[in-house]
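Below is one structure, written out as C-alpha cells; the observations come after it.
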Amino acid sequence: MRYEPLLWIENLQGWYGESHILHGVNLAVPRGQTIAILGRNGVGKTTTLRGIVGLLTRTTGSIRMNGKELIGMPRHRIAYTGIGYVPEERGIYASLSVQENLDLLPKISNRGMSLERIFDLFPNLKERRRAAGGTLSGGEQQMLSIARVLRAGPELLVLDEPTEGLSPVVVQQIGRVLKALKQDGLTMLLVEQNFHFARHLADHFYLMEEGRVVDDFPAYHLEARLETVSSLIGV
Amino acid sequence: MIFGVPLVALASQLVIGLFNGAFYALLSLGLGVIFGLLRVVNFTHGAFYTVGAFAAFLLTTRAGFSFWACLLMAPAIVALLAAVLERALLRKLYGLDALYGLLLTFGIALLIEGTLQLFFGVAGQPYQVPAILSGTSNLGFMFLPHYRAFAIGISLLICLLTWLVIEYTSLGAKLRAATENSRLLEVFGVNVPLLLTCTYAFGGALAGFAGVVAAPVFQVSPLMGANLIIVVFAVVIIGGLGSITGAIVSGLMLGTLEALAKVYWPPSANLVPFAIMAVVLFLRPRGLFGKGE
C-alpha cells in the first residue's frame, strides 16, 4: 500500500474574493508530526490554513485529509474528517461564557478531551469558566481557542499564529501545552511568525513565498539552513 | 378613580393592553431571532401570522379540529411554509445586501395576502372562543374575560420558553454563536444552513401561533397581519434589533402604554408606538436593550 500522509495538499490554488492568493501549494503532514509553515507576512500562510477549512471564496487542486477530498465538501462536514482549527483571530464567541465556548463544538470523534484534562492543561480557564468570552485577555482567549477544539477530538490541530501578540509567559505556557499534545501523538500544522517558538516544536518546515511553497526540510537540517531561512523570513 | 378614570375602566384597558402586548412580544421575538441570525428583515412575518389564523379557521370549520389541536397544527403548517420559502428563495440572497431579503419577503407577503383575499375576500371570518374559556370572572375591581387571560398567559409562557432555550441550552449557545460568527461555527462542524432554516421556520411558527391565539378575538381576515406588523417593527426598533429580552419587554410595554393612551387621550393611541419609537431612536438609536456594534 502506498503511504499517504494524514493531510496531503497538492497544487492548491486559492482565491479570496477576486484576488488569487495561493499559486500552487504542495504540502504533506504525516501522522504524529508537527509541521510548521514559515514565511514573511502576506505570502499566503494563513490563506493556506483557511483554504484547508473551507474559508476561501474558491479553491482548486487537492486537499486530502484521512483519504477524503476536502475541496467541494460542505464546510460543516470538513471538521468531521478530523480537523480542529484554531484561527488567527482566535474566534472566541464574546457573548458566550467560557464554559459555553468549551461545550460549543460538536464531538467529531471519541478522542475528545475531558473537561478535567482541559482544566489541567489550562488552569486559568477553570477560574474563569463563568466569565463571558469577550472579557478574556488575549492569552486566555488563545488558550480557550485551543482548549475548545481539543474538546471536539481532532486528529489534526491546525494552528494559525498561536503566539501572536502574547506575553512571553503566556507564550511559554502555550508552548508547554503544545509539546504535551505532541507527546500524546497529536498531529499539528502550525503557521508561526515567532521562529524561535516554531523551531522548538516542529519536526519539519515548509517555506512559503508569493503563494507557493518554495522549500521544505526536516528539523535536523535547520541548523545548516539557518542563514537561508533567516534571510527568507527576516529573523 | 385614578387621575379621573374609574379603576374598572383602567384595569380592563390594561388587560387589553397586555393582550395586545403579548402579540407584539410573540411577533417581535420571532422577527428578532430571524434578524439576529439570518440578517433578514422579515416582512413576511405579518403574513405568517395571518396564515396561522387562517390555518386554524380552516382546520376548525372545514375539518372539525378543536382550537387546542389548531394551537399545535397551525404553527407547524406555518413552520413548514417558512422552511420551504427559506430553502427555495431566501437562501439565495444570503451575503447580498439586506435590502434584497426585505424586498423578497415583502413580495412574498403580498403574494400570500393576495391569494387569501382571492379566496376569502377582505371581510373578516368569525372564529369561536373555545367553550371552556368563554366565561368572565368578576375580580371585584374588574371583569376578566377568561380567554384574554389565557392568551396573555400562554403567549408569555411561549416567550419565556424561547428565552430559556436561547439563553440556557446548547442549541441556544449555537444560535448565539452563529449570530456572532457563523462561518467559523460551520468550520467547527455545526450545520449552519440547517440551523438557518430551522430558525426561520421557528420564527414563522411563533407568528403562526400568535395568529391562532388572535383568531377568536380579532376577525380572521387576509389583512390582519399587515395591520399589525407595522407596529411590531416599531416594537423591534424600540427593544433593540436582535435583542430577545428587548423584544419581549418592549412588546408588553408598548401594548400597555397604547392601552393607557386609549384611556387618557384616545386619539393618540395609534400614534403612541411610533412616538415612542421616535424618542428611542433619538435618545438611544440601538434600542432599549440593543448592544452597541
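For this structure, a couple of remarks:
- Cross-linked pairs A:LYS68/A:LYS126; A:LYS68/A:LYS182; A:LYS45/A:LYS107; B:LYS92/B:LYS291; A:LYS45/B:LYS291: Cα-Cα separations exceed 30 Å for A:LYS68/A:LYS126; A:LYS45/B:LYS291.
- Dimensions of the protein assembly as shown based on its C-alpha atoms, expressed as ranges along the principal axes with the largest first, amount to 94, 47, 41 Å.
- Base-10 log of normalised Debye intensity for chain B (one unit scatterer per alpha-carbon) at q = 0.08, 0.09, 0.13 Å⁻¹: -0.34, -0.43, -0.91
- For the options B:ALA131, B:ALA11, B:ALA149, a Gaussian network treatment of chain B with springs between C-alpha atoms closer than 10 Å singles out B:ALA131 as fluctuating the most.
- Length gained when the stretch B:TYR168-B:LEU283 is fully extended (0.36 nm per residue, less Cα-Cα span): 38.2 nm
- Net charge of neighbours whose Cβ lies under 14 Å from the Cβ of A:ASP184, counting Lys and Arg as +1 and Asp and Glu as -1: +4
- GNM remark for chain A: springs join alpha carbons under 10 Å apart, and the peak mean-square fluctuation among A:PHE122, A:PHE217, A:PHE205 falls on A:PHE217.
- Ranking B:MET73, A:MET113, A:MET188 from most to least accessible surface, computed with a 1.4 Å probe over the protein chains only, gives B:MET73, A:MET113, A:MET188.
- Given charges at Cβ of Lys, Arg, Asp, Glu: chain B dipole, positive-most of B:MET253, B:GLY240, B:ALA63: B:GLY240
- Relative contact order for segment B:206-275, counting Cα pairs under 8 Å that sit 6 or more residues apart, in percent: 21
- Residues along segment B:162-198 losing 50 Å² or more of accessible surface when the other protein chains are present rather than the chain by itself (probe 1.4 Å): B:ARG176, B:GLU180, B:ARG183, B:LEU184, B:GLU186, B:VAL187, B:PHE188, B:GLY189
- Cα gyration tensor shape for segment B:55-185, rounded if a/c is under 1.5, else prolate or oblate: oblate
- Applying 1/(1 + (r/R0)^6) with R0 = 30 Å to the Cβ-Cβ distance of B:LEU103 and A:HIS20 gives a FRET efficiency near 0.35.
- Looking at segment B:56-105, the trypsin sites (Lys or Arg not before Pro) that sit in a DSSP loop and have at most 14 other Cβ atoms within 10 Å of their own Cβ are B:ARG62.
- Inter-site label distance for A:ARG130 and B:THR136 at 7 Å from Cα along Cβ, in nm: 5.0
- FRET E, pair A:SER231, B:GLN117, Förster distance 56 Å, beta-carbon r, rounded to 0.05: 0.15
- Average accessible area per residue (Å²) across segment A:22-116 - probe 1.4 Å, nucleic acids and ligands excluded: 37
- Ligands, DNA and RNA are left out, and with a 1.4 angstrom probe the accessible area of chain B is 45 Å² per residue.
- Debye intensity ratio in log₁₀ form over the Cα atoms of segment A:7-233, taken at each q of 0.08, 0.12, 0.16 Å⁻¹: -0.27, -0.63, -1.14
- Prolate/oblate/rounded call for segment B:1-102, Cα gyration tensor, a/c under 1.5 rounded: oblate
- In a reduced charge model with +1 at each Lys and Arg Cβ and -1 at each Asp and Glu Cβ, the protein assembly as shown shows a dipole moment near 840 debye about its Cα centre.
- Of the trypsin sites (Lys or Arg not before Pro) found in segment A:41-116, those in coil by DSSP whose Cβ has at most 13 other Cβ atoms within 10 Å are A:LYS107.
- Taking the Cα centre of chain B as origin and assigning +1 to Lys and Arg Cβ atoms and -1 to Asp and Glu Cβ atoms, the resulting dipole is close to 160 debye.
- Of interest is the spacing of the C-alpha centroids, which for segment B:204-274 and segment B:54-100 amounts to 20 Å.
- Calculated mean residue ellipticity, 222 nm, chain B: -24000 deg cm²/dmol, from DSSP H runs (n ≥ 4) at -39500 (n - 2.57) each, averaged per residue and rounded to 500.
- Neighbourhood charge, 12 Å Cβ-Cβ cut-off, centred on B:ASN20 and excluding it, Lys, Arg +1 and Asp, Glu -1: +1
- Applying 1/(1 + (r/R0)^6) with R0 = 41 Å to the Cβ-Cβ distance of A:MET73 and B:PHE150 gives a FRET efficiency near 0.25.
- For chain B, a Gaussian network of Cα nodes joined below 10 Å ranks B:THR60, B:THR50, B:THR256 by mean-square fluctuation, and the top entry is B:THR60.
- Cut-off 13 Å between beta-carbons: net charge of the residues surrounding A:LEU222, Lys and Arg +1, Asp and Glu -1: -3
- Dipole axis of segment A:1-73 (+1 Lys, Arg; -1 Asp, Glu on Cβ), positive-most option in A:GLY61, A:VAL29, A:GLY51: A:VAL29
- Kyte-Doolittle at least 1.6, axis length at least 18 Å by Cα - qualifying DSSP helices, chain B: B:7-38, B:67-88, B:98-120, B:192-214, B:224-239
- Distance from the alpha carbon centroid of segment A:67-130 to that of segment A:6-58 works out to 21 angstrom.
- Alpha carbon Rg of segment A:68-176, scaled by the compact-globule rule 2.2 N^0.38 Å: 1.05
- Carbon + sulfur, % of accessible area of chain B - ligands and nucleic acids excluded, 1.4 Å: 72
- Shape call, segment B:183-293: gyration tensor on alpha carbons, a/c limit 1.5: oblate
- Here each label is just a point 7 Å from Cα along the line to Cβ, and for B:ASN270 and A:HIS200 those points are 7.4 nm apart.
- Interface area, B with A, accessible, probe 1.4 Å, both sides summed, Å² nearest 100: 1800
The values are calculated or read from the model by the stated rules, or taken from the named source; none is laboratory data. Just so you know, these numbers come straight off a predicted model, no measurement behind them. No Cβ is skipped: glycine too gets one built from the backbone with ideal geometry, and neighbour counts run over all protein chains shown. Ligands, DNA and RNA are stripped out before the accessible areas are found, and what is left, the full protein with its side chains, is counted by its heavy atoms. Shrake-Rupley method; radii C 1.70, N 1.55, O 1.52, S 1.80 Å.
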